[in-house]
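This report concerns only the one structure given below.
The values are calculated or read from the model by the stated rules, or taken from the named source; none is laboratory data. In this text the structure is predicted, and so the values were computed from the model without any measurement. Neighbour counts run over all protein chains shown; Cβ positions are idealised from the backbone, glycine included. Side chains are part of the model used for accessible areas, which takes the heavy atoms of the whole protein and leaves out ligands, DNA and RNA. Shrake-Rupley method; radii C 1.70, N 1.55, O 1.52, S 1.80 Å.
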Amino acid sequence: PILPILLTGLVLRPPTACNGLFVNTVPFHPSLQSLCTGSNVDVTIPSGRTYIIDDGTVDCGLVTIIGTLQCSPGAVAVVKAAGIQLLDRNALLECGTRTARFDGDVAFEITRDRGFGTGTGERSIVVAKGTLSLWGKGDKNGRTRLGMDAPANAGAIDVASSGVVAAWKASDEIMVTTTSTYPDQTERHNLSDAACSANGGTTCGLITRLTYPHYGEGMQRYPGAGANKDLIVDQRAIVANLERNIVLRVAENDVLWQAQEKGGHLMVLAGGA
């Protein structure tokens, strides 16, 4: 058998042959899991160093990035941290790129009630300097509108565009926005096993029934109200898929969220991107 060889920071492994050895000069990077040894341990990724996010769950204290933290391609991971900050102009938190999107599943979950003491508050992801670059899958990013009115207690909805919902799958969580004056009538539902396969891909089945009615046929025209044209107000509910393979969140069972509705926040300051 051919054994991996570690030499001056390089992992030597198949598939390139060289005098009987298989050599791959891809640099070896340690995992974030090796750096975070406990939920109360604060860690710093130093300048010039790269750590990767591997499969599994890692629980950190405050994470300061001066170097680079990258998602390993295809990784399925949960990164729990009291907070994350990027603190140098070369600092980088990256999952995928514009041309090679991240194809795994990763959640950055902010926990506990701590801050960095820099005036950015507690429970935060702060890009003070450097770059936050997250490029996830884009097949479920689109949105459409209802194609027909959806009454309360309906077990399915009709949408205006079959193309947008073509990639939506069973159990995906979707949102149907309110069409009343009450913002709390926006609803979240999961698609049934049939997903959006009925009626040529325009009817989406729901596991639970709608609580409120939603307009799907309201197009109001106001002649001459626009800039040299009529103003058309589309009153139909928006339907969007909420599934993402890169998620920034506070845990739903978090005590501070349940007791005080104190969530987390993302801040990008001058000098950050």
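Restricting attention to region 146-175, which residues are surrounded by 15 or more Cβ atoms within 10 Å (Cβ to Cβ), touching a Lys or Arg at 6+ places or on another chain (Cβ under 8 Å) and not small (G, A, S)?
Within region 146-175, L146, V159, V164, W168, D172, I174, M175 qualify.
So that you can scan it fast, the table gives a plain yes or no per residue for (1) exposed (fewer than 12 other Cβ atoms within 10 Å of the Cβ); (2) among the β-branched types (V, I, T); (3) closer than 30 Å to C71 by Cβ:
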residue	(1), (2), (3)
D193	yes, no, no
N199	no, no, no
T202	no, yes, no
T208	yes, yes, no
R221	yes, no, no
A227	yes, no, no
D230	yes, no, no
R244	no, no, yes
G263	no, no, yes
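With N190, N199 as the choices, which residue is farther than 16 Å from T144 by Cβ and free of Cβ contacts under 8 Å to residues at least 60 places away in the same chain?
Details: N199 fails: farther than 16 Å from T144 by Cβ.
Criteria check complete, one pass: N190.
Got at least one residue in region 234-242 being among the acidic types (D, E) and under 30 Å from D59 (Cα atoms)?
No, region 234-242 contains no residue that is among the acidic types (D, E) and under 30 Å from D59 (Cα atoms).
From the residues in region 174-224 that are within 26 Å of the chain's Cα centre (by Cα) and part of a helix (DSSP H, G or I), which one is modelled with the highest pLDDT?
Only one residue tops the list, namely Q185.
Within region 181-191, take every residue that is among the polar types (S, T, N, Q) and closer than 10 Å to A237 by Cβ and give me the one that is most open to solvent (accessible area, probe 1.4 Å).
T186
Restricting attention to region 65-81, which residues are assigned to a strand (DSSP E or B) and open to solvent by 20 Å² or more (accessible area, probe 1.4 Å)?
Step one: filter region 65-81 for residues assigned to a strand (DSSP E or B), giving 65, 68-71, 76-81.
Those that are assigned to a strand (DSSP E or B) and open to solvent by 20 Å² or more (accessible area, probe 1.4 Å): T68, Q70, V76, V78, K80.
Can you tell me which residue is nearest to the chain's Cα centre (by Cα) among those in region 82-111 that are open to solvent by 70 Å² or more (accessible area, probe 1.4 Å) and in contact (Cβ under 8 Å) with a residue 24 or more places away in the chain? Working first, answer last.
Of region 82-111, the ones open to solvent by 70 Å² or more (accessible area, probe 1.4 Å) are 87, 89-90, 98-99, 101, 103, 105.
Narrowing the set further to residues that are in contact (Cβ under 8 Å) with a residue 24 or more places away in the chain leaves 87, 89-90, 98, 101, 103, 105.
Numbers: L87: 22, R89: 24, N90: 23, R98: 15, R101: 12, D103: 12, D105: 9 Å.
Among residues in region 82-111 that are open to solvent by 70 Å² or more (accessible area, probe 1.4 Å) and in contact (Cβ under 8 Å) with a residue 24 or more places away in the chain, the one nearest to the chain's Cα centre (by Cα) is D105.
Please determine, by comparing only the residues of region 116-145 that are in a strand (DSSP E or B) and open to solvent by less than 30 Å² (accessible area, probe 1.4 Å), which one is nearest to R244 (Cα to Cα). Don't jump to the end; show me each part of the working.
Let us first name the residues in region 116-145 that are in a strand (DSSP E or B), namely 122, 124-127, 130-134, 143-145.
Next, from what is left, pick out any that are open to solvent by less than 30 Å² (accessible area, probe 1.4 Å): 124-127, 130, 133, 144.
Details: S124: 20, I125: 18, V126: 21, V127: 21, G130: 24, S133: 15, T144: 17 Å.
Checked region 116-145; the qualifying residue nearest to R244 (Cα to Cα) is S133.
Based on what the data block shows, is R249 within 30 Å of G96 (Cβ to Cβ), open to solvent by 60 Å² or more (accessible area, probe 1.4 Å) and of a type outside the set (D, E)? Working first, answer last.
Details: within 30 Å of G96 (Cβ to Cβ): yes; open to solvent by 60 Å² or more (accessible area, probe 1.4 Å): yes; of a type outside the set (D, E): yes.
Yes.
Can you confirm whether R221 is more than 15 Å from A150 (Cα to Cα), basic (K, R) and out of contact with any Lys or Arg (no Cβ under 7 Å at 6 or more places or on another chain)? Outline the logic, then answer.
On the way: more than 15 Å from A150 (Cα to Cα): yes; basic (K, R): yes; out of contact with any Lys or Arg (no Cβ under 7 Å at 6 or more places or on another chain): yes.
Yes, satisfied.
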